[in-house]
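The values are calculated or read from the model by the stated rules, or taken from the named source; none is laboratory data. Note that the structure is predicted; figures quoted are calculated from it, not measured. When we count neighbours, we look across all protein chains shown, and the Cβ atoms used for this are built from the backbone with ideal geometry, even at glycine.
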Amino acid sequence: MMGPAMRHVDIWKWFYIFILILCLSCAVNPVTKKRQLMLVSEKEEFEIGMHVAKQVKEEMGIYLELPKLRTLVKKVEDNIGRHSDRPNLIYRAEIVDTPDFNAFALPGGFIFVHRGLLARINSVDELAAVLGHETTHVAARHSAAQITKEKILNLFLFGANILTGGAVQNYGRFINVGIFLVFNKWSRDQERQADHYGIIYMTRAGYNPIAFLSVLKQIKRLEAREPSAFEVWFMDHPPTDERIKLAKEELKQLRKTCPKCFKRPIRRNEYIKLLDGLAVGERTNTEVILRDTYYNKEYSFSIKIPYGWYARLRSRYAVVIFINPKMQFSAFVNVDPLMKRITTQEYHKRIKRGMIKHGLIKLEDLKIKLPYGAMATTFEGFDRSRGKIIAELISFVRGDNGYRIMGSSKEKDFETLHLALMEMIKSWRFLTPKEIVKIQPLRLRIHKVKKGETWRSLTIKYYGSDIGSDKLAAYNGFDPQQEPPPGILIKIPPNLRFR
C-alpha cells in the first residue's frame, strides 16, 4: 500500500511532468500570431477531421443533384482558403443534404454547408461570407484548441486515477471528441474571431465584404419570423444584433483601407441561376416531407404530420421521429422486419415486453378500433427533463413487417398527445407503386424580373394571392418596401409557409 509520503512524492512528480508537457506544447497560432497551448499536431487534427467528416457524410448525406452549385461551393472555398492564414492547407467544402440554415467546420479543413442555407442566401459574395467565417475556424485551429482542453482534462483525471488508487474511473468518457466537433461548441470569442477574419479573408479573395452584413441581416430576419423552427447559425454565436454592430464597425474601418472593395459587383444572378431545381425541405433518398405529410418510399406508406409537429429524418433510433417542441412531445415510428409470420397480437405483446424491460410500467390496453387492426397500450415512466411521463404504443402487422408508433409526453399533456397519435395512425396510408413514382421533393424555381413587376404581382402570379409578398421579398434578401429591380433573378419557393 502507498504511504502518505510516497503519495506526496508522486503528486509532485506528476505535477512536474504536467508542467513540462505544457511548456513543450506551445505553438504560434497561424491567425493571431500569438503563442498558445496546443497538444494536437496538424497531422492529428487532419485525421480527426477526416474521421468525423466520414461520419457526417454517412449520417447527413451529400447533396449531388446540382453539380454546378457543388462546384461553385468548392471553388469559392478553395479561393478563400488560399487567401487565409493557412494557405497551404487543402480546404474541402461539401453540401450536406439537410434543410437547415447552417454550416460548420471540422478540424483539418473539412467544411460543410447545409442545402437549406444555400437556398436562403442570395449571391456568390454571401456564400463567400459564410465560408470565410468557417475557414477562420479551421485556420485559427479552433477545433485543435478545443481538443487540447479535452486532453488536459484527461491528463488531470489520469493523474487523479493513479493517486486515488483507481477511485476515478470515468476519465475515458471525455476522449470522444466527434460529437462536440460536429455541433461546433466554439466560445463566443472564437465566434467573434471567425467573423472578424472571415470578413478579411473574403475581401482578400476578391468578394464584396458588404455581403457579410447581408448574411447577418438575413439571419436576423429568420430569427424574427421563424423563432420556433429556425436553427440559429451556431448555438454559441454572440447575439445577432451584436454581430451586426461589430460587422458594421469592421466594414467602416475596411472602407478606409480598401474603398474599392465595396465597389465590387455583387454576383447575385450568377449564384441564383444555379439554384434552379434545388430541393427544399426535409428529404432523403427514400423519404420526403411534402407540406404536412411524411412519405416513406422504402416501406410504401405515408403519415400526416399533426399541426405544430415536425419530422426529423436520418435518426439512428427510428425510421422517422415526429416532435412537437412547444409541448415537448415526441413520437418514434419504426418498421421491424419479421423472421416468422406472426399476428398483430403477438407482435404487440413482444414490443410491450421490450418497453417494460426498459423501465416503463404498463397502465392499460386501450379498447379502441384502429386501422389495420392496430392495438394500443399506455405506460408510465420517468424522464429527466420532463419528469413523470405517459407513453403510448400503437402497433400492427402487415405483410412481412411490424409497424409501430411510440409517443410520450408529460403526464398532464397526455390527452393532447393521444389525440395527435390517433390522428397519425388514422392518416397512415400504404402507397401504390404508381403513387411512389410520383413522389418528388419540392424544388425552387427561378424567375427573371420584368419591368413593372412587384413583389405583390409576383406573389399573385405564383401563389394565386398577394398574401405573403413580404415573405417572398425577405426570402430573396429584400425589404418588402424595396421592389425587385428588372433583370435580377429571384427565387420562387414551393410555398410561403416557411418553417
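Quick look at the values:
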quantity	calculated
Counted residues, segment 55-111 - those being among the β-branched types (Val, Ile, Thr) and part of a loop (DSSP other than H, G, I, E, B)	2
Subset of segment 394-414 (residues that are farther than 10 Å from residue 374 by Cβ and of a type in the set (A, V, I, L, M))	406
Selected residue (criterion: modelled with the lowest pLDDT) from residues of segment 312-333 that are hydrophobic (A, V, I, L, M, F, W, C) and in a loop (DSSP other than H, G, I, E, B)	313
Qualifying residue in segment 53-71 (condition: farther than 20 Å from residue 279 by Cβ, assigned by TED's automatic domain parsing to the domain that holds residue 270 and in contact (Cβ under 8 Å) with a residue 12 or more places away in the chain)	yes
Given (1) modelled with pLDDT of 95 or more; (2) in contact with a helix residue (DSSP H, G or I) (Cβ under 8 Å, 6 or more places away or on another chain); (3) loosely packed, with under 12 Cβ neighbours inside 10 Å, number of the condition residue 488 does not satisfy	(3)
Residue, nearest to the chain's Cα centre (by Cα), within segment 420-443, restricted to residues that are β-branched (Val, Ile, Thr) and in a loop (DSSP other than H, G, I, E, B)	439
Every residue from segment 90-119 that is out of contact with any strand residue (DSSP E or B) (no Cβ under 9 Å at 6 or more places or on another chain) and either modelled with pLDDT of 95 or more or basic (Lys, Arg) (or both)	90
Some residue of segment 359-377 being aromatic (Phe, Trp, Tyr), closer than 16 Å to residue 406 by Cα and in the same structural domain as residue 406 (by TED's automatic domain parsing)	no
Filtered residues of segment 83-96 (kept if under 19 Å from residue 52 (Cβ atoms) and surrounded by fewer than 22 Cβ atoms within 10 Å (Cβ to Cβ))	86, 89, 90, 92, 94, 96
Evaluation of residue 477 against (1) surrounded by 15 or more Cβ atoms within 10 Å (Cβ to Cβ); (2) modelled with pLDDT under 95; (3) of a type outside the set (Ser, Thr, Tyr); (4) on the phi < 0 side of the Ramachandran plot (one fails), failing number	(4)
Filter result (crowded, with 22+ Cβ neighbours inside 10 Å and modelled with pLDDT under 75) within segment 193-233	233
